[in-house]
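Student: The structure that follows is given in the form of structure tokens.
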Amino acid sequence: MVIPLEAAFIGHMVIDTVVKNSEMRKALGGTVVYGALAALKHNVRPIVISKVGTDFPDEYLMFLSRLGVDIAGVRISDKPSTRFKLVYKGEERKLYLMARCEDISSFDIKPQSVENKPVIVGAVIGEITKDALQYVAEKSSILAIDVQGFIRQVGEKGEVTLVPSERAAEAISLADVVHAELYEAKAMLGIDDPVKAGKALIELGASIALVTEGVKGGYVVTKERVLRVPAASTNRVVDPTGAGDVYTTVFTIEYQKSGDMIHAAAMASAASSFLVEKEGVSGLKPRWQVKRRAEEVLAAIEEIKET
């Protein structure tokens, strides 16, 4: 099968330690991983640009390569790989940074990896430098940025909290598409209304803002339009990790292909709804299945007329 489109994903791949229901497991994580694997399901060849330490398991790299992810842009650093501990208690999740790899700069990005391609920037702990962002903004066909990694602050015991950040504002000013969960937008902007938060992100320079609220759905906001996008129906919610990453990736890819925000939003909602039904990336489904579920979302998307 010929894959007609390539997309680049920039950010740290992560070794996660997940603590849930008194059980502990290690897993491959990071926005670039969830995004790259979602892209494969949508017939897009993903190019990962990342940095990991010598402690990064070879089997993780082999797993990605065998699936068809281009890992030639993954550099090995003398610093340890980025590691998080995720502690779940019911619906609540606490995040701790255990180790951090070195930053990704423009020197780590080959021109052919990003030129005229959609690029999804998935920082997890502010690891992408300003010059790298400026470089991909100039070279890419469309630049999508998730704000989460730019507003994380680490406490003395490694606990991760969300705070306003000039780095986030700088990143958003370069983006064509920006994604934020509503609680992230509130932490950054002090706004807990999704439409107002979307408009504030647009004022910072983004062309399209995606503001999501988990099972409540989300909003797609531009200067001219506001779309309310319901969450697709799910059979169950097992693991919400990576849902925002998949939403951002699928929206960006589908929008690049079609130029249709409504179609892209429906596909993004459907793709992320499949993901949460299983642990890790095992919930990801092929595009044809996503498209079928997206039909119900498409019929329910509303355009909100501003007053």
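Student: Would you tally the net charge around Gly155, using a Cβ to Cβ cut-off of less than 15 Å, leaving Gly155 out, and scoring K and R as +1, D and E as -1?
Tutor: With Lys, Arg at +1 and Asp, Glu at -1, the net is +3.
Student: Something else: Near the amide H of Val226, under 5 Å away, which other amide H atoms are found, from residues 5 or more places off or on another chain, if H is placed in the peptide plane?
Tutor: Those lying under 5 Å, H to H, from Val226 are Ile304.
Student: How much length is gained if the chain between Asp192 and Asn235 is pulled fully straight, taking 0.36 nm per residue apart and subtracting their Cα-Cα distance, in nm to one decimal?
Tutor: The span from Asp192 to Asn235 would gain 12.6 nm if fully extended.
Student: Using 10 Å bins from zero, what percent of all Cα-Cα pairs in region 112-244 falls into each bin?
Tutor: 13, 41, 34, 12, 0
Student: In nm², what is the average projected area of the convex hull enclosing the Cα atoms of the chain?
Tutor: 15.0
Student: Taking R0 as 22 Å, what's the FRET efficiency between Ser258 and Ile304 from their Cβ-Cβ distance, rounded to 0.05?
Tutor: Step by step, r from the Cβ atoms, then E = 0.50.
Student: Could I ask something else about it? For the chain, set up a Gaussian network in which alpha carbons nearer than 10 Å are linked by springs, and say which option among Glu295, Glu213, Glu23 fluctuates the most.
Tutor: It is Glu23.
Student: While we're looking at this one, here's another question. Springs between alpha-carbon atoms under 10 Å, Gaussian network over the chain: tell me which of Met62, Met13, Met188 tops the mean-square fluctuations.
Tutor: The residue with the greatest mean-square fluctuation here is Met62.
Student: Moving to a separate point now. Count the lysine pairs in region 173-288 whose Cα atoms sit under 17 Å apart, keeping only pairs 8 or more residues apart in sequence or on different chains.
Tutor: So the count of such lysine pairs works out to 6.
Student: Sorting check: for 215-228, 166-179, 247-260, 264-277, which peptide has the highest mean count of neighbouring beta carbons within 10 Å, and how do the rest follow?
Tutor: 264-277, 247-260, 166-179, 215-228
Student: Moving on. Give me Rg over Rh for region 222-273, both radii from the alpha carbons and Rh done the Kirkwood way, two decimal places.
Tutor: Value, to two decimals: 1.00.
Student: Show me, bin by bin at 5 Å from 0, the whole-percent P(r) of region 54-194 based on Cα pairs.
Tutor: Computed distribution, short to long bins: 2, 9, 15, 19, 20, 18, 12, 5, 1.
Student: What's the FRET efficiency of Asn43 with Ser282 using the Cβ-Cβ distance as r and R₀ = 22 Å, to the nearest 0.05?
Tutor: 0.70
Student: Ok, one more. Quick one: what are the phi-derived ³J(HN,Hα) couplings along region 97-109, Karplus 6.51/-1.76/1.60 with θ = phi - 60°, whole Hz, x for glycine and proline?
Tutor: Result, rounded to whole Hz: 8, 9, 7, 9, 7, 6, 5, 9, 10, 4, 5, 8, 10.
Student: I would also like to ask the following. Quick one: what do you get for region 1-43 if you divide its Cα Rg by 2.2 N^0.38 Å?
Tutor: Compactness ratio reported: 1.53.
Student: Just to be sure I follow the rule: in region 27-143, considering lysines 8 or more places apart or on different chains, how many pairs have Cα atoms under 15 Å apart?
Tutor: 6
Student: In Å, what is the Rg of the alpha-carbon atoms in region 128-174, and how long is Dmax?
Tutor: 12.4, 40
Student: Computed from the mean reciprocal separation of all distinct C-alpha pairs, what Kirkwood hydrodynamic radius does region 1-133 have, in Å?
Tutor: With all distinct Cα pairs of region 1-133 included, I get 15.3 Å.
Student: Using r as the Cβ-Cβ distance of Arg93 and Asn116, and R0 as 51 Å, what FRET efficiency do you calculate, to the nearest 0.05?
Tutor: The calculated FRET efficiency here is 0.85.
Coordinate-derived values only; no laboratory data. Note that the structure is a prediction, hence the values are computed from the model and not measured. Neighbour counts are summed over all protein chains in view; Cβ atoms, including those assigned to glycine, are modelled from backbone coordinates with ideal geometry.
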